[in-house]
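S.K.: Could you have a look at this structure, given as structure tokens, before my questions?
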2 protein chains.
Amino acid sequence: MDPTTKINIPESELERIVIVGGGFGGLQMARKLVKANYQVVLIDRNNYHQFQPLFYQVAMAGLEPSSIVFPFRKLFQGRENIFIRMAEVTHVDPVARQLQTPLGHCNYDHLIVATGADTNYYGNEELARRTLPMKSVSEALYLRNSILDDYEDALTTPSYDDRQELVDIVIVGGGATGVELAGSLAEMKKHVLPKDYPELDVEAEFDIYLVQSGDVILKGMSANSSAKALKYLEDLGVKVLLNSRVESFDGKQVTLDDGSTIVSQKVIWAAGIRGEPLKGLPPESITYGNRLAVDRFNRVKGTENIYAIGDVAYMEEPAFPKGHPQVAQVAIQMGEHLARNFRYRHLRGEEWEPFHYRDKGSMATIGRGRAVVDIPKPEFHFGGVMAWLVWLVVHLFAILGSRNKVFVFLNWVYNYINYNQSLRLIIRPRKVPAERTP
Amino acid sequence: MDPTTKINIPESELERIVIVGGGFGGLQMARKLVKANYQVVLIDRNNYHQFQPLFYQVAMAGLEPSSIVFPFRKLFQGRENIFIRMAEVTHVDPVARQLQTPLGHCNYDHLIVATGADTNYYGNEELARRTLPMKSVSEALYLRNSILDDYEDALTTPSYDDRQELVDIVIVGGGATGVELAGSLAEMKKHVLPKDYPELDVEAEFDIYLVQSGDVILKGMSANSSAKALKYLEDLGVKVLLNSRVESFDGKQVTLDDGSTIVSQKVIWAAGIRGEPLKGLPPESITYGNRLAVDRFNRVKGTENIYAIGDVAYMEEPAFPKGHPQVAQVAIQMGEHLARNFRYRHLRGEEWEPFHYRDKGSMATIGRGRAVVDIPKPEFHFGGVMAWLVWLVVHLFAILGSRNKVFVFLNWVYNYINYNQSLRLIIRPRKVPAERTP
């Protein structure tokens, strides 16, 4: 498209805040700017917000994508100062205060970079090409389809060795994503697969590996919770390999750093993330983990009128001298805080308040009836069924929209009673059916 | 794959019935053969059964695909004589009694062709390439995504004429699919789009055309119901063009047989279906509408041990001298009847009973609170809210699985109260996210 074409947003006398990315941070910021004296433009590559903590349940056929995502237009119906555009931002010109998108360019008075983070392959092209990521609901759906496809293929693979490639799954990364995925795969192996595939010896043949580089899983949590989570996973039959790194993966076999190998075609990569800032920002603004260095007011270093929040932002504060963890809570609190600075201080010419993160704790679930919870103040850790119930309630309340809450809740109840996820469907949007007529 | 490879199904002393296609007919047949003294192999290109009558609600973002499809493996859990294989059957060799699939070949003692029908473009390659079909849940999902994509694009299209191409929709075919789709699009235009796209003049700019070649819509129904349905559609603002045929469509403009044109990029083709028999069957077995000619016992003409049921079968009986309508009821009754002949008569060497279709009536719904119902004996037609409630109840009961019933019901209640489908999501399974990092 001609770069002089302007994105079609009405001119306004209000200052224009453009938010790029409608994840936890960007969405929270837009919501807190509803009816404020700004024109707010929210640009996202999708037309919906994604509830990332439950991606693994989509991948494991426990939830439908639609239950954990929410269309932006519906969220902002009737909000006259909010404009939504579905587009990929290709470039930012900080001098002209302008964004480039395939829909045309878009000027801004204030730019909020809330583009989050993407999977980090640490420069290994082979792993980037051959492993499966899980950083969007589309990728979770792809993962679901490929797991189910491989089980179907295993049925018609008479050779034991060939079958191992199809049924064994390797998860790399012992953070919350890897642990929750491993736990939920192990549940599926135990309760669902033997009924679906009576022709296969699921118990003996299907292995789930979790490869973790450090000596604990759930590194960000308490030692207590880490140990408990490890025990839960091992009870479920997951083969947890600590102090191990994946060296290479040729599409059929994973080689670890100690030279040992695992036969598998399916490697899920959850070993790390890296910031995904916009193109065109000055190089000096980019710091550790490809994140944007920001001050306590979320202003991006070396720029003017550009702010970053959430996973893509790197901010040091006294209590977090090495930056905040890249979790939803930080993004939400930054989005809300920055919106307040704009809404209540910027317009009145008052001094801005610095951001301060309040850690509300962290949790992870490992299969049916098992979870770990850390609460920071007063410091307190607990696990088991109680922690699992807390996990359920917290996540249910965090999901946007009453319809989604009801549907997720019903799915959970149904799956809990039946030990049987019902969404084992390989569905792909398709225009023209494969040729079959004579 | 080497054609000598055998599909991996255990040898058995029982006769093997292979059913190709798990639609209404094939699925019903397999269910009625559970625990019968046959080895039953059900082959389908998908791992799920699709409830076709509600595809249009998936396309209109009212229901999720998962609510109207059901995984075969779950349906047949614990049924030891039923084997499920996900594969495309590429060829049948009636002499060797063998099917070819990408998974290897499969022998049969009895072959049931339940492959249904696909969209009929009447040989027009241009229409086949450029219009959107809706004969599978994947196609319905594709249609949903492309409608929503086009509305998003319309927002950034300043020219009125260019915008018309994006927002106007042409539906070709005045059968149940076309009519239900048009009604539901009109509802969305009325209740949802003005709220989602306040920047566009939905009322004035969005047009829905229904092009029908004959002089009535819902041709298979009573004159009474046809007239009522037409009135309902016109009340909803649908532009119904009777006695019109689409001559050509260049991707931006539809030309009708009277020379008039409609500007639109989106043409939905629901103008007819054609049988989709397997490759390798003798030419003399194929008759009207590319269907397989069968006798009253569903035996395919010119073959042995090959049977056809449902939309792909063409059977004449005294009450239906020109064959049965291609509807779900016929397929279900044929599947059940043929299973009974196999189960209760074939094994005992008894004479088979000829098929006889019992017409239970037909119905169609046209938006909120409006439907038409025809009951054949005693002949009785009614419309309005009562018909709509009957339509809801009948379809709800016909959907497989209690979970699906509950979810469809809740979605309907939710949409009815809110006037607001919540599934306006453009989701595609995707492995690797589009490049965005610098």
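Derivation of every value follows stated rules applied to the coordinates shown; laboratory data play no part. These figures come from a predicted structure and were not determined experimentally. Note that each Cβ is placed from the backbone with ideal geometry, even for glycine, and that neighbours are counted across all protein chains shown.
S.K.: Amide H neighbours of A:G272 under 5 Å, counting only residues 5+ apart in sequence or on other chains, H built in-plane at 1.01 Å?
M.R.: Correct list: A:N120.
S.K.: Treat the count of other C-beta atoms within 10 Å as a stand-in for reagent exposure and order A:D201, B:D258 from fewest to most.
M.R.: Values: A:D201 13, B:D258 10.
Fewest-to-most Cβ neighbours within 10 Å comes out as B:D258, A:D201.
S.K.: So who's got an amide H within less than 5 Å of the one on A:V41, skipping anything under 5 residues away but keeping other chains? H placed 1.01 Å off N, in plane.
M.R.: HN-HN under 5 Å from A:V41: A:I17, A:V18, A:I19, A:F83.
S.K.: What share of the DSSP beta bridges in the protein assembly as shown is antiparallel, in percent to the nearest 5?
M.R.: Taking every DSSP beta bridge within the protein assembly as shown, about 50 percent pair in antiparallel fashion.
S.K.: I've got another one for you. Please arrange B:E187, A:E199, A:E350, B:E180 by counting, for each residue, the other beta carbons lying within 10 Å of its beta carbon, fewest first. Intermediate values should be presented prior to the final figure.
M.R.: On the way: B:E187 20, A:E199 14, A:E350 10, B:E180 27.
Starting with the residue having the fewest Cβ neighbours, the order is A:E350, A:E199, B:E187, B:E180.
S.K.: Would you give the gap between the C-alpha center of region B:329-393 and the C-alpha center of region B:193-234, rounded to a whole Å?
M.R.: 27 Å
S.K.: Among DSSP beta bridges whose residues both lie in chain B, state the antiparallel percentage, nearest 5.
M.R.: Expressed as a percentage, antiparallel bridges in chain B total about 50.
S.K.: Which whole-Hz ³J(HN,Hα) couplings does region B:72-86 yield from phi under the Karplus relation 6.51 cos²θ - 1.76 cosθ + 1.60, θ = phi - 60°, glycine and proline marked x?
M.R.: In residue order, the calculated couplings are 4, 4, 5, 4, 10, 4, x, 8, 6, 8, 9, 10, 10, 10, 8 Hz.
S.K.: Taking amide H positions as placed in the peptide plane 1.01 Å from N, state which residues far from A:L132 in sequence (5 or more) or on other chains have amide H under 5 Å from it.
M.R.: Residues meeting the amide H criterion: A:V267, A:I268, A:W269.
S.K.: Which ³J(HN,Hα) values, rounded to whole Hz and listed in residue order, are derived for region A:274-279 from phi using the Karplus coefficients 6.51, -1.76 and 1.60 in 6.51 cos²θ - 1.76 cosθ + 1.60 with θ = phi - 60°, glycine and proline given as x?
M.R.: Once θ is set to phi - 60°, the couplings for region A:274-279 become 9, x, 10, x, 6, 6 Hz.
S.K.: A further question on this structure: Could you work out how far apart the two model spin labels at B:S402 and B:K322 are, taking each label as a point 7 Å from the Cα in the direction of the beta carbon, and quote it in nm?
M.R.: Computed distance between label sites B:S402 and B:K322 equals 4.5 nm.
S.K.: Consider the operator that turns chain A into chain B: which A residue has a Cβ nearest its axis, and what is that gap in Å?
M.R.: In chain A, the Cβ lying nearest the symmetry axis toward B is A:E64, 3.
S.K.: Given R₀ = 41 Å, FRET efficiency for A:N305-A:R79 by Cβ-Cβ distance, to 0.05? Write down the numbers at each step before the final one.
M.R.: Values: r = 23 Å, r/R0 = 0.57.
So, using R0 = 41 Å, E works out to roughly 0.95.
S.K.: Tell me the mean residue ellipticity at 222 nm calculated for chain B from its helices only (DSSP H runs of n ≥ 4, each -39500 (n - 2.57), averaged over every residue, nearest 500). Walk me through the intermediate numbers first.
M.R.: Details: 13 runs with 133 residues, N = 438.
Roughly -9000 deg cm²/dmol at 222 nm, from the helical runs in chain B.
S.K.: Using only Cα atoms, tell me the angle between helix B:223-235 and the longest principal axis of chain B; keep it within 0 to 90° and round to the nearest 10.
M.R.: For helix B:223-235, the angle is close to 40 degrees.
S.K.: So which lysines can B:K219 reach, going by Cα to Cα under 16 Å and dropping same-chain residues fewer than 8 places off?
M.R.: Here the lysines satisfying the reach criterion relative to B:K219 are B:K228, B:K231, B:K322.
S.K.: Hey, fewest Cβ within 10 Å first, where do A:Y108, B:Y357, B:Y48 land in order? Walk me through the numbers on the way to the answer.
M.R.: Details: A:Y108 22, B:Y357 16, B:Y48 25.
Ranked by crowding around the Cβ, least crowded first: B:Y357, A:Y108, B:Y48.
S.K.: To continue, here is another question. For chain A, just list the percent of Cα-Cα distances falling in each 10 Å bin from zero outward, please.
M.R.: Binned Cα distances yield the sequence 4, 20, 29, 25, 15, 6, 1, 0.
S.K.: Defining the label point at 7 Å along Cα→Cβ, can you sort the distances from A:V95 to the same site in each other copy, shortest first, in nm?
M.R.: Copy-to-copy label distances for A:V95: 7.9 nm.
S.K.: Taking only the alpha-carbon positions of region B:33-152 and ignoring solvent, what does the Debye formula give for the base-10 log of I(q)/I(0) at q = 0.09, 0.12, 0.20, 0.23 Å⁻¹?
M.R.: Ignoring solvent entirely, the Cα scatterers give -0.36, -0.61, -1.18, -1.30.
S.K.: Now for a different question. So if we plug the beta-carbon distance of B:D109 and B:L242 into 1/(1 + (r/R0)^6) with R0 = 41 Å, what FRET efficiency do we get, rounded to 0.05?
M.R.: Values: r = 50 Å, r/R0 = 1.22.
Computed FRET efficiency for B:D109 and B:L242 comes out at 0.25.
S.K.: Further, regarding this structure: Can you give the local net charge around B:F397? Use residues other than it whose beta-carbon is closer than 15 angstrom to its beta-carbon, Lys and Arg +1, Asp and Glu -1.
M.R.: Details: positive: B:K360, B:R403, B:K405; negative: none.
For residues surrounding B:F397, the net value is +3.
S.K.: Normalise the Debye intensity by I(0) for region A:125-271, one equal point scatterer per Cα, no solvent, then take log10 at q = 0.14, 0.17 Å⁻¹ and round to two decimals.
M.R.: The calculated log intensity ratios at q = 0.14, 0.17 Å⁻¹ are -0.65, -0.97.
S.K.: Still on this model: Provide, for q = 0.17, 0.23 Å⁻¹, the log10 of I(q)/I(0) from a solvent-free Debye sum over equal Cα point scatterers in region A:188-285.
M.R.: The Cα Debye sum returns log10 ratios of -0.94, -1.23.
S.K.: Then there's this: Please compute, for the alpha-carbon atoms of the protein assembly as shown, the extent along each of the three principal axes and give them in descending order in Å.
M.R.: 90, 65, 44
S.K.: Continuing with this model, one more query. Got a sec to turn the phi values of region A:17-25 into Karplus ³J(HN,Hα) couplings, 6.51 cos²θ - 1.76 cosθ + 1.60 with θ = phi - 60°, whole Hz, x for Gly and Pro?
M.R.: Each residue's phi maps through the Karplus curve to give 9, 9, 9, 9, x, x, x, 4, x Hz.
S.K.: Can you list the copy-to-copy distances for B:N8, using a point 7 angstrom from Cα toward Cβ, in nanometres, shortest first?
M.R.: So the label point of B:N8 gives 5.4 nm to the other copies.
S.K.: For label points placed 7 Å from Cα toward Cβ, what is the shortest-first list of nm distances from B:E125 to its copies?
M.R.: 4.0
S.K.: Provide Rg over Rh for region A:90-175; use the alpha carbon set for both Rg and the Kirkwood Rh (inverse mean inverse pair distance). Intermediate values should be presented prior to the final figure.
M.R.: Details: Rg = 20.4 Å, Rh = 17.0 Å.
Computed over Cα atoms, the ratio is 1.20.
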